[in-house]
Amino acid sequence: MIPLSWYLIFAALLFAIGLFGVITRKNSVAILMSVELMLNAVNINFLAFWHYHTQNSGLPQVNAMVFVAIVFIAAAAEAAVGLALIISVYRQRKTVVVPELDTLKG
Amino acid sequence: MTSTQVIFLITALVTIFSAVMVVGSRKLFHSALWLILSFLGVASSFALLEASFFAIVQLLVYIGAIAILIIFAIMLTRDIMEDEWQQINRSWGLVLILVITIFSVLLGLYSTWSGFQTILNPLGISGQENILAFGKSILAPDGFALPFEASSVLLLAAMIGGIYIAMDRKQEGDEA
Amino acid sequence: MGFLNFLFDPISSISTWLSSLLAGWGLSNEIITPILYLIGAGVLGTGALLVTLLLIWAERKIIGRVQDRFGPNRVGPWGIFQSVADMVKIFIKEHIIPSHVDPIPYHLAPILAVSAVLLSLAVVPLSKTTVGTNLNVGLLFIIAVGGLGELAILMAGWGSNNKYAIIAAFRATAQLISYELPMVITLIIPVLLTGSMGMVDLVEAQKIPFILAAPLAALIFFIASIAENGRAPFDLAEAESELVAGFNTEYSGLKFGMFYVADFLRAFTSSIIFVSIFLGGWQGPWAVQIPILGFVYLLIKSVIVWFVGVWIRGSLPRFRIDQMVDINWKILTPVSLILVLLTAFIDKGLGLSSIYLRYIVLFLLNIGVGALVIQLIVKQVKKTEVQVDVGSRERLVARPENMITIHHQE
């Protein structure tokens, strides 16, 4: 009923918004949130193509589903470690704003 | 336009709007709430794609775990950035151009592909069958058993790493 | 015969009658289905909320009896209209909105709290013929919807602009998240035994209730669901005699009432879920032939389970926060993990075809694991127990290291 193109455009838009957030936001938690948006966009693409291939072949296709599951796992791991890092950085430097974390700057 | 198309358009618009608010909102907590709304929108688009399993897992993992973790992190690192501050870089104009370029390049690439306009019809396969095939493939040695095991090791490593990094060593030193 | 059919299965009779009526008005099938769903959801939600009024009264009465009081006894016979009076009072109370609240989270949180509870009823089969939606991942849906409740708590805590509310929200969410773990892990066992995550399949597979095949898993699930409901002995989130009331400190009037209703309703829905997963749901004698009987069975079983919950609430003292954490991470989670592994290996490894033999083996396995765990706990407690002579000057302080963790007294 719904054209494949709609899903792809939707996912691309979501990806673009996430990318914009990753590059421009200053707060590291906000950057993490934007990364989650990008991962979601990727998942929409995977599942749209999964539907497309299942429809074409008429048999259950699993490859895309496995990829989506692994993206979920990676997202969960990334959120856990990322937020732990942010909290640890906050303890040491009392800030989570990325431009202020400039110890490596000469 | 059929009713499914209308439903898709509504959820897509809500999702895109809340994604914009995630990036644009001044208050970080509001960003997180908008993020949850966009997760919900993505989950319903999964449901429209007949991947109900992943729609529910999206609810479970993203809203039940990741969003709550993010809110915890926001509350634990509060009062860092005043809401009146500039929340985004000075070079956001450049980034906007870059992002629009990437988006249009993606669209251009898609439109050269012949399958772009395919109409997605309801699948003749029940959800149960799909999950069964998926479950068997992630445990089959000639399927995806190895990546699946590797990702479980990744999760374990992330758990241990998260605990180790976030552990408060100062207090430990006080006791000793 | 038609009347008898209606009597045996009123809900699906009414729904077929309604759909034929709507089709008679010239509506297409595409519109009729959503309308029927909406009506069903409305009836189910309203019914559940009305039942809550009765539940609140019954719970106060039972707790009163347990604590040697009368409980509500003024309004109506046996005080049965007490909750109606309370409801009217709460309706006409003033809405006090504290200054500097964050308006959207503050106003959204109570609604989310109630809807998170009601949503889980959508996938529970009420009788053989009546189920909201037969989702093939219904069990996951119930868990996922439980996560929305945590969100409501965090939103309430943040939105109230009160430091006590936010600390209480943290405390409550930490407890809910950690107790979700053993709950989800034990749910794998019924799924293993059924081979499906759909609630309808799960109930239909229970010709013999799963509690006989997995008593320990059922016990762990029950404890975890008490903790998820935040009731005594796990009511640390809003221990009313010790702390500022909790994340809903700043709410008054109807909004507070919604949190209150969500609390009591969750106790009942979680017992419905427990019954559907471990006690066979609507299954019972003649429940297949007469579907309405299945609904009655479901209600009776749920009320029994709910009563056990209330009984525990009235009888046991509150855990300390370190005990709450210990019980989850040191006992429930590891035990449920081991149980899932053993169940999977033994069930598949033996490959028993006879259902009775399978149940007996699994039952023995559960009892064995349970006995082992109890022995380990007793040993641990004996090792850490501190002996104090009756007359000695030494006074024990109720500190964590004096109770369950290892502490070597000189």
For the pair C:Leu372 and C:Asp102, how long in nm is the line joining their label points, each one 7 Å along Cα→Cβ?
4.6
Lysines whose Cα lies under 20 Å from that of B:Lys27, excluding same-chain neighbours fewer than 8 positions away
A:Lys26, A:Lys94, C:Lys163
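Nearest 0.05, what FRET efficiency do B:Leu96 and C:Leu49 give at R0 = 30 Å with Cβ-Cβ as r?
Working: r = 48 Å, r/R0 = 1.62.
Approximately 0.05, to the nearest 0.05.
To the nearest 0.05, how large is the calculated FRET efficiency for A:Met1 and B:Leu132 if R₀ is 30 Å and r is the Cβ-Cβ distance? Please list the in-between numbers first.
Values: r = 25 Å, r/R0 = 0.84.
Computed FRET efficiency for A:Met1 and B:Leu132 comes out at 0.75.
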Roll a 1.4 Å probe over the protein chains and send me the accessible area per residue for the protein assembly as shown in Å².
50
Normalised by the residues of segment C:96-384, what does the relative contact order come to in percent, with Cα pairs under 8 Å and at least six apart?
24
For segment C:224-232, what does the Karplus curve 6.51 cos²θ - 1.76 cosθ + 1.60, with θ = phi - 60°, yield as ³J(HN,Hα) per residue in whole Hz, taken in order and with x for Gly and Pro?
5, 6, 4, 5, 5, 6, x, 9, 4
Taking K and R as +1 and D and E as -1, what net charge do the other residues with C-beta under 12 Å from the C-beta of C:Trp78 add up to?
+4
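Expressed as a whole percentage, what fraction of the accessible surface of the protein assembly as shown belongs to carbon and sulfur atoms when a 1.4 Å probe is rolled over the protein heavy atoms?
On the way: 24310 of 34610 Å².
Roughly 70 percent, rounded to a whole number.
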When chain C is treated as a GNM, springs tying every alpha-carbon pair under 10 Å, which of C:Gly24, C:Gly132, C:Gly198 comes out with the largest mean-square fluctuation?
C:Gly24
How far, in degrees from 0 to 90, does helix A:28-57 lean away from the longest principal axis of the Cα atoms of chain A, to the nearest 10?
10
For segment C:126-171, list whatever residues lose no less than 50 Å² of accessible surface once every protein chain is in place, relative to that chain by itself, with the probe at 1.4 Å.
C:Asn136, C:Val137, C:Leu140, C:Ala144, C:Leu151, C:Leu154, C:Trp158, C:Phe170
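Suppose the chain between C:Leu36 and C:Thr384 were pulled fully straight at 0.36 nm per residue; how much longer would it get relative to their current alpha carbon spacing? Numbers along the way, then the final one.
On the way: separation 348, 0.36 × 348 = 125.28 nm, distance 6.08 nm.
Gain on extension, C:Leu36 to C:Thr384, equals 119.2 nm.
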Looking at chain C as a GNM with Cα springs under 10 Å, which of C:Leu148, C:Leu316, C:Leu265 has the largest mean-square fluctuation?
C:Leu316
Give the long-range amide H neighbours of A:Leu101: residues separated by 5 or more places, or on another chain, with amide H under 5 Å away, using H modelled in the peptide plane at 1.01 Å from N.
none
Apply the Karplus curve 6.51 cos²θ - 1.76 cosθ + 1.60, θ = phi - 60°, to the phi angles in segment C:171-181 and return the couplings in whole Hz, x for Gly and Pro.
4, 5, 5, 4, 5, 5, 5, 6, 7, 5, 5
List, in order, the whole-Hz ³J(HN,Hα) value for each residue of segment C:41-47 obtained from phi through the Karplus relation with A = 6.51, B = -1.76, C = 1.60 and θ = phi - 60°; use x for Gly and Pro.
5, x, 5, 5, x, 5, x
Using a probe radius of 1.4 Å on protein heavy atoms only, what is the accessible area buried between chains C and B, both sides summed, to the nearest 100 Å²?
2200
At C:Lys163 and C:Asn5, where each label point lies 7 Å from the Cα along Cα→Cβ, what is the point-to-point distance in nanometres?
6.8
Net charge dipole size for the protein assembly as shown [Lys, Arg +1 and Asp, Glu -1 on Cβ; Debye, nearest 20]:
680
Proximal lysines relative to C:Lys61, as straight alpha-carbon distance under 28 Å, when same-chain residues fewer than 8 apart are discounted
C:Lys89, C:Lys93, C:Lys255, C:Lys301
Taking springs between alpha-carbon atoms closer than 10 angstrom, which of B:Val95, B:Val20, B:Val42 fluctuates most in the Gaussian network model of chain B?
B:Val95
Rounded to the nearest 10, the angle in degrees between the Cα long axis of helix A:63-93 and the longest principal axis of the Cα atoms of chain A comes to 10
Relative contact order, percent, segment C:1-84 [alpha-carbon distance under 8 Å, six or more residues apart]
16
Could you tell me the center-to-center distance, by alpha carbons, between segment C:126-140 and segment B:21-74 in angstrom?
25
Part-to-part distance (alpha-carbon centres) for segment B:116-163 and segment C:290-334, which is given in Å:
34
For segment C:165-186 and segment C:32-109, what is the separation of their C-alpha centers, rounded to whole Å?
24
Checked against the positive end of the charge dipole of segment C:240-342 (+1 on Cβ of Lys and Arg, -1 on Cβ of Asp and Glu, about the Cα centre), the farthest of C:Pro317, C:Ile331, C:Leu299 is C:Leu299
Area buried, chain A against chain B - accessible surface, total, 1.4 angstrom probe, square angstrom:
7600
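For chain A, with only Lys/Arg (+1) and Asp/Glu (-1) charged at the beta-carbon, what is the dipole magnitude about the Cα centre, in debye rounded to 20?
360
Can you give the translational diffusion coefficient of the protein assembly as shown in µm²/s, computed by Stokes-Einstein from the Kirkwood radius over Cα pairs at 20 °C and 1.002 mPa s?
Working: Rh = 27.8 Å.
D, rounded to a whole number, is 77 µm²/s.
Just to make sure I understand: if all protein chains stay in place, what is the order of B:Met21, B:Met75 by accessible area at 1.4 Å, largest first? Walk me through the numbers before you get to the answer.
Numbers: B:Met21 55, B:Met75 20 Å².
Correct descending sequence by accessible area is B:Met21, B:Met75.
The values are calculated or read from the model by the stated rules, or taken from the named source; none is laboratory data. All figures in this text were calculated on a predicted structure; none of them were measured in a lab. Positions of Cβ are generated from backbone atoms using ideal geometry, with glycine treated the same way; all protein chains shown enter the neighbour counts. Side chains are part of the model used for accessible areas, which takes the heavy atoms of the whole protein and leaves out ligands, DNA and RNA. Shrake-Rupley method; radii C 1.70, N 1.55, O 1.52, S 1.80 Å.
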